[in-house]
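A.B. asks: One structure, pasted below without further comment.
The values are calculated or read from the model by the stated rules, or taken from the named source; none is laboratory data. Values in this document were obtained by computation on a predicted structure and should not be read as measured data. Note that each Cβ is placed from the backbone with ideal geometry, even for glycine, and that neighbours are counted across all protein chains shown.
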Amino acid sequence: MLETMRRHWPEYLMEAAGLGLFMISAAVFATLFEHPASPIHQAIPDPFLRRALMGLAMGLTAVAIIYSPWGQQSGAHINPAVTVTFLRLGKIAPADAAGYILAQFIGGVAGILIAAALIGMYLADPSISYVATIPGRFGVTVAFIAEVIISFGLMLVVLIVSNHAQLSRFTGVFAGCLVALYITIEAPLSGMSMNPARTFGSAFPGHVWTALWVYFTAPLLGMLLAAECYARLNGAKAVICAKLNHHNNKRCIFRCGYMTSAPSS
């Protein structure tokens with residue numbers, strides 16, 4: 001286990017950096033769109049339109065991370081629920097899963113701390129609150145169900161597209177589009193997390209612990225259910241690799257099937 005982690009520490013750092021950059025982007029754009037003193041906020045009074053623009057910004061951020069050199073090498077999970085799901089599917093070693101998850105949590109916190117240093121008091125304003133994810137006005141139950149549904153949808157799409165011969169290279173685009181759509185439509189229900197490390201990254205420096213259990217359990221449940229459905233319909237062997245983008249020459253540390261087979265259509 002220690003030898004595996006020693007050899008694969010660069011990928012762990014890439015995972016931390018990936019989520020860290022995602023958090024910095026979220027903090028910057030949330031401040032621009034939602035802080036009352038922001039000229040952009042004042043110029044766009046419609047909250048739906050502001051959410052749509054936020055969704056576009058974060059969807060493009062996700063796509064950029066997935067197709068970046070670091071994302072190409074680490075697989076761009078940047079989410080413990082994604083990593084645990086690929087562990088359940090047998091595509092990542094337990095030692096690497098542990099390294100990824102630890103790195104993701106560290107990266108999430110580090111990203112918000114860096115953003116706080118850059119943005120200052122604006123990030124702590126109640127309108128931003130360190131971009132914390134908390135249940136919306138319909139309460140915890142609705143937030144939990146919504147997180148399960150969107151997490152299920154994201155992972156199912158990732159599994160279908162990434163294991164399709166003609167579509168696999170576009171997995172990151174599909175994922176980014178879903179992030180944009182979810183922020184636009186679903187964010188009022190749960191804050192749109194799908195990611196325990198993303199939620200913890202905001203909660204820790206901001207001391208916003210509201211319904212934290214929802215964001216630690218619902219994304220994992222939704223993604224594991226998606227994996228179960230995909231495996232039952234196609235077989236676990238239909239999942240070729242844990243990388244979201246395998247069309248590159250970067251090393252792959254996963255239990256990868258690309259060396260022996262090609263994606264099935």
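A.B. asks: Please go through (1) without any contact (Cβ under 8 Å) to a residue 24 or more places away in the chain; (2) surrounded by fewer than 16 Cβ atoms within 10 Å (Cβ to Cβ); (3) more than 22 Å from Ile24 (Cα to Cα); (4) not polar (S, T, N, Q) for His247 and return the number of the only condition it doesn't satisfy.
C.D. replies: Going through the list (1) without any contact (Cβ under 8 Å) to a residue 24 or more places away in the chain; (2) surrounded by fewer than 16 Cβ atoms within 10 Å (Cβ to Cβ); (3) more than 22 Å from Ile24 (Cα to Cα); (4) not polar (S, T, N, Q), His247 breaks only (1).
A.B. asks: Any idea which residue in region 14-73 is surrounded by the most Cβ atoms within 10 Å (Cβ to Cβ), counting only those that are in contact (Cβ under 8 Å) with a residue 24 or more places away in the chain and charged (D, E, K, R)?
C.D. replies: Of everything passing the filter in region 14-73, Glu15 is surrounded by the most Cβ atoms within 10 Å (Cβ to Cβ).
A.B. asks: Take Thr4 and decide whether it is touching a residue at least 12 places away in the same chain (Cβ under 8 Å), more than 30 Å from Phe170 (Cβ to Cβ) and among the β-branched types (Val, Ile, Thr). Spell out the reasoning first.
C.D. replies: Details: touching a residue at least 12 places away in the same chain (Cβ under 8 Å): yes; more than 30 Å from Phe170 (Cβ to Cβ): yes; among the β-branched types (Val, Ile, Thr): yes.
Against the criterion (touching a residue at least 12 places away in the same chain (Cβ under 8 Å), more than 30 Å from Phe170 (Cβ to Cβ) and among the β-branched types (Val, Ile, Thr)), Thr4 qualifies.
A.B. asks: Now for a different question. Could you tell me how many of the residues in region 29-60 are among the aliphatic types (A, V, I, L, M) and within 19 Å of Asn195 (Cα to Cα)?
C.D. replies: Matching residues across region 29-60 total 6.
A.B. asks: Something else now. Within region 74-133, which residues are surrounded by 18 or more Cβ atoms within 10 Å (Cβ to Cβ), charged (D, E, K, R) and assigned to a loop (DSSP other than H, G, I, E, B)?
C.D. replies: Lys91
A.B. asks: Output the residues belonging to region 176-196 that are touching a Ser or Thr at 6+ places or on another chain (Cβ under 9 Å) and in a helix (DSSP H, G or I). Spell out how you get there, then give the answer.
C.D. replies: To start, the set of residues in region 176-196 that are touching a Ser or Thr at 6+ places or on another chain (Cβ under 9 Å) comprises 176, 179, 187, 190-196.
Those that are touching a Ser or Thr at 6+ places or on another chain (Cβ under 9 Å) and in a helix (DSSP H, G or I): Gly176, Val179, Ala187, Ser190, Pro196.
A.B. asks: Can I ask one more? Taking Ser202 as the residue in question, decide whether it is outside any helix (DSSP H, G or I) and either among the polar types (S, T, N, Q) or under 18 Å from Leu156 (Cα atoms) (or both). Write out each step before concluding.
C.D. replies: Working: outside any helix (DSSP H, G or I): no; either among the polar types (S, T, N, Q) or under 18 Å from Leu156 (Cα atoms) (or both): yes.
Judged against the criteria, Ser202 is not a match.
A.B. asks: Now for a separate question. Condition test on Tyr230, is it of a type outside the set (A, V, I, L, M), over 14 Å from the mean Cα position of the chain (by Cα) and either in a helix (DSSP H, G or I) or more than 19 Å from Phe86 (Cα to Cα) (or both)? Steps first, please.
C.D. replies: Values: of a type outside the set (A, V, I, L, M): yes; over 14 Å from the mean Cα position of the chain (by Cα): yes; either in a helix (DSSP H, G or I) or more than 19 Å from Phe86 (Cα to Cα) (or both): yes.
So Tyr230 passes the test.
A.B. asks: Let me ask something else. Looking at region 155-173, which of its residues are of a type in the set (A, V, I, L, M, F, W, C) and more than 13 Å from the chain's Cα centre (by Cα)?
C.D. replies: If the condition is that a residue be of a type in the set (A, V, I, L, M, F, W, C) and more than 13 Å from the chain's Cα centre (by Cα), then Leu156, Val157, Leu159, Ile160, Val161, Ala165, Leu167, Phe170, Val173 are the ones that fit.
A.B. asks: Might you check whether a residue that is closer than 29 Å to Phe48 by Cβ, in a helix (DSSP H, G or I) and either touching a His at 6+ places or on another chain (Cβ under 7 Å) or β-branched (Val, Ile, Thr) (or both) occurs anywhere in region 219-227?
C.D. replies: Taking every residue of region 219-227 in turn, none turns out to be closer than 29 Å to Phe48 by Cβ, in a helix (DSSP H, G or I) and either touching a His at 6+ places or on another chain (Cβ under 7 Å) or β-branched (Val, Ile, Thr) (or both).
A.B. asks: Out of the residues in region 115-149 meeting the condition of being of a type in the set (D, E, K, R) and over 23 Å from the mean Cα position of the chain (by Cα), tell me which one is nearest to Leu220 (Cα to Cα).
C.D. replies: The selected residue is Arg137.
A.B. asks: Condition first: more than 15 Å from Arg51 (Cβ to Cβ), modelled with pLDDT under 95 and of a type outside the set (S, T, N, Q). Can you find one or more residues in region 181-200 that meet it?
C.D. replies: The answer is no, given that none of the residues of region 181-200 is more than 15 Å from Arg51 (Cβ to Cβ), modelled with pLDDT under 95 and of a type outside the set (S, T, N, Q).
A.B. asks: If you take the residues in region 213-235 that are modelled with pLDDT of 95 or more and either among the hydroxyl-bearing types (Ser, Thr, Tyr) or on the phi > 0 side of the Ramachandran plot (or both), which one is surrounded by the most Cβ atoms within 10 Å (Cβ to Cβ)?
C.D. replies: My answer is Tyr215.
A.B. asks: Further question on the same structure: Which residue is nearest to Tyr182 (Cα to Cα), if the candidates are limited to region 134-148 and must be of a type outside the set (A, V, I, L, M) and surrounded by 15 or more Cβ atoms within 10 Å (Cβ to Cβ)?
C.D. replies: Per the stated criteria, the residue is Glu147.
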